[in-house]
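Trainee: Pasting a structure below so you can have a look.
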Amino acid sequence: MKENVVSTPTRERCVTSYAARTQYRPGEIHPPHVKVKDAIDIHCHAHEGQQDAFDLAKRASQAEMKGLLFKSIVGADPARSVRKIQEEVNRWAEKEAIEPVTCWAGFVCGRQLAPISAKTAREMIASGIVAIWLPVFTHANTLNTVGTYRRFVEGNNAAGWVGPLPWDTALKLGHYNLDEKGNLTAEVREIIRTCADKGAALFFGHATHKEIYKLAEEVDRVGLERAVIDHPFSPFINLSVDQMKELSRAGILFNFTYDELSPLLGVDPQLMYNAIREVGPEHFTLSSDAGEPLFPDSVESMRLVRGYMEAFGLAPDELYTVCTRNPAKVVGLKLN
């Protein structure tokens, strides 16, 4: 399959980027008190060693954001951890006389190489989770693309990192959503059905193209209305515009992230904008996928990803669609 090119040489890229950046005038910026009004970040991180969830919620409230969906957060019970953050930010916001941001919790299947369990997914949804992620960090695709912690490969709490693993090794060690016949596993099918029945969102994780199309078929079959593919231009997913058009027929949303735009991945924002324009803003969301110390915090990441898309050509109502209207559908928030 032909590789989907999502970056361009610096000399060529500066032609489009300078036209956008020199004409983009959203108003004077007052760091750190930026506004990202009404934005809903459906993919942010706050687990161990990353950005502090309470500080982020305060900053998001000051920025007049509507919501934060925590894909990860400190604690074994994500819904409980997020409820605690919500209570704390509500008390703080009352003293500050501002509107508190709304916080939701997500759950990632297969963390730390735990089995993919529909039972666990049901329990998490019952506890207050609004979104389920299929395997990400421990998916075979991740292990094959970038590698993993050495302890996952060698055990015995080995320190360090192992580079990309051969596919056979990655498949043996990591998660994969298909069985030996190429069909979705029973557990994954049950997770999809549970999300449809309970009104939870399903994120496809780091699934391969073969898995993505099988997942899309099942999403369409059971009528799941909240299905999302994260960072479609990342090396893990690498969808083309034509593939997005195909998959959009099942009502799937494509969640572009600051992670893709960051220097660590280096996706060209012009190509990101082109994809939104060609497939249609109604099929996209923007989020941060931030939390790591090498990234700006999620509020600043949201300002940047939204600013890039506005600078390259999205109109105000289109920005509201990708930053608020579509994300609200994902978390089940009714807008006024």
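Trainee: Quote the convex hull volume per residue of the stretch 48-105, based on C-alpha atoms, as a whole number of Å³.
Mentor: Values: hull volume 3.7 nm³, N = 58.
Convex hull volume per residue, Cα atoms: 64 Å³.
Trainee: Shifting gears a bit: For the stretch 205-251, would you read off the P(r) tail past 14 Å as a percentage of all alpha carbon pairs?
Mentor: I get 45 percent for the Cα pairs in the stretch 205-251 exceeding 14 Å.
Trainee: Right, another one. Which order do 161, 104, 167 take by accessible area at a 1.4 Å probe, largest first?
Mentor: Numbers: 161 110, 104 30, 167 85 Å².
These residues rank, largest area first, as 161, 167, 104.
Trainee: Could you tell me what % of all Cα pairs in the stretch 111-216 have separations over 22 Å?
Mentor: Considering the stretch 111-216, 33 percent of its Cα-Cα pairs are separated by more than 22 Å.
Trainee: If ligands, DNA and RNA are left out, what is the accessible area of residue 16 with a 1.4 Å probe, given in Å² to the nearest 10?
Mentor: 50
Trainee: Using only the Cα atoms of the stretch 249-336, what semi-axes does the equivalent ellipsoid have when each is the square root of 5 times a gyration tensor eigenvalue? Give whole Å, largest first. Walk me through the intermediate numbers first.
Mentor: On the way: eigenvalues 81, 50, 29 Å².
So the three semi-axes of the stretch 249-336 are 20, 16, 12 Å.
Trainee: To continue, here is another question. For 139, 47, write out the residues from largest to smallest accessible area, computed with a 1.4 angstrom probe and no ligands counted.
Mentor: Heavy-atom accessible area, descending, gives 47, 139.
Trainee: Another one. Mind computing the radius of gyration and Dmax over the alpha-carbon atoms of the stretch 15-77? Å is fine for both.
Mentor: Spelled out, the Cα radius of gyration and Dmax of the stretch 15-77 are 15.2, 48 Å.
Trainee: Follow-up question, since we're still on this one. May I ask you to derive the relative contact order of the stretch 25-134, considering only C-alpha pairs under 8 Å and at least 6 residues apart, and to give it as an integer percent? Can you show the working numbers first?
Mentor: Values: 178 pairs, mean separation 26.9, N = 110.
Over the stretch 25-134, the number comes to 24 percent.
Trainee: Could you compute how much accessible surface residue 329 exposes when probed at 1.4 Å, giving the result in Å² to the nearest 10?
Mentor: Accessible surface of residue 329 is approximately 120 Å².
Trainee: May I pose another question? Return the distance in nm (one decimal) between the two label points of a simple spin-label model at residue 292 and residue 114, each offset 7 Å from Cα along Cα→Cβ.
Mentor: Label-label distance for residue 292 and residue 114, simple model: 2.3 nm.
Trainee: Ok, one more. Counting other Cβ atoms within 10 Å, keep those with at most 14, restrict to DSSP loop, and tell me which trypsin sites (Lys or Arg not before Pro) in the stretch 41-70 are left. Present the calculation step by step, with values, prior to reporting the outcome.
Mentor: Working: sites: 58, 59, 66; in loops: 66.
In loop regions of the stretch 41-70 (DSSP not H, G, I, E or B), there are no sparsely surrounded trypsin sites (Lys or Arg not before Pro).
Trainee: Take peptides 151-157, 83-89 and line them up by average Cβ neighbours within 10 Å, highest first, as a rough protection proxy.
Mentor: Values: 151-157: 11.9, 83-89: 18.3.
Descending packing order for the listed peptides: 83-89, 151-157.
Trainee: Hey, another quick one. Quick one: compute the contact order of the chain, relative version, from alpha carbon pairs under 8 angstrom and 6+ residues apart, as a percent. Write down the numbers at each step before the final one.
Mentor: Numbers: 622 pairs, mean separation 63.8, N = 336.
Relative contact order for the chain comes out at 19 percent.
Trainee: Turning to a different aspect of this structure: Could you give P(r) for the stretch 1-135, binned at 5 Å from zero, as whole percent values over all Cα-Cα pairs?
Mentor: Reading the bins upward from 0: 2, 9, 15, 16, 13, 12, 12, 10, 7, 4, 0, 0.
Trainee: In square angstrom, what is the accessible area per residue of the stretch 34-188 with a 1.4 angstrom probe? Mind showing how you got there, number by number?
Mentor: Details: 7320 Å² over 155 residues.
Per residue, the stretch 34-188 has 47 Å² of solvent-accessible surface.
Trainee: Along the Cα→Cβ direction, 7 angstrom out, place labels at residue 3 and residue 225. What is the inter-label distance in nm?
Mentor: 4.1
Trainee: What value does the chain have for Rg/Rh, both radii from Cα atoms and Rh as Kirkwood defines it?
Mentor: Details: Rg = 19.3 Å, Rh = 20.4 Å.
Expressed as Rg/Rh, it is 0.95.
Trainee: Which order do the peptides 217-229, 188-200 take when ranked by the mean count of other beta-carbon atoms within 10 Å per residue, highest first? List each step's numbers first, then the result.
Mentor: On the way: 217-229: 18.1, 188-200: 19.8.
Result, highest mean Cβ count within 10 Å first: 188-200, 217-229.
Trainee: How big is the convex hull of the Cα atoms of the stretch 125-179, per residue, in Å³?
Mentor: Taking only Cα atoms, the stretch 125-179 has a hull volume of 120 Å³ per residue.
The values are calculated or read from the model by the stated rules, or taken from the named source; none is laboratory data. Quick caveat, the model's predicted, so the values are computed rather than measured. In this analysis, Cβ positions are derived from the backbone assuming ideal geometry, glycine residues included, and neighbour counts consider all displayed protein chains. In case anyone asks, the SASA skips ligands and DNA or RNA and just uses the protein heavy atoms, side chains included. Shrake-Rupley method; radii C 1.70, N 1.55, O 1.52, S 1.80 Å.
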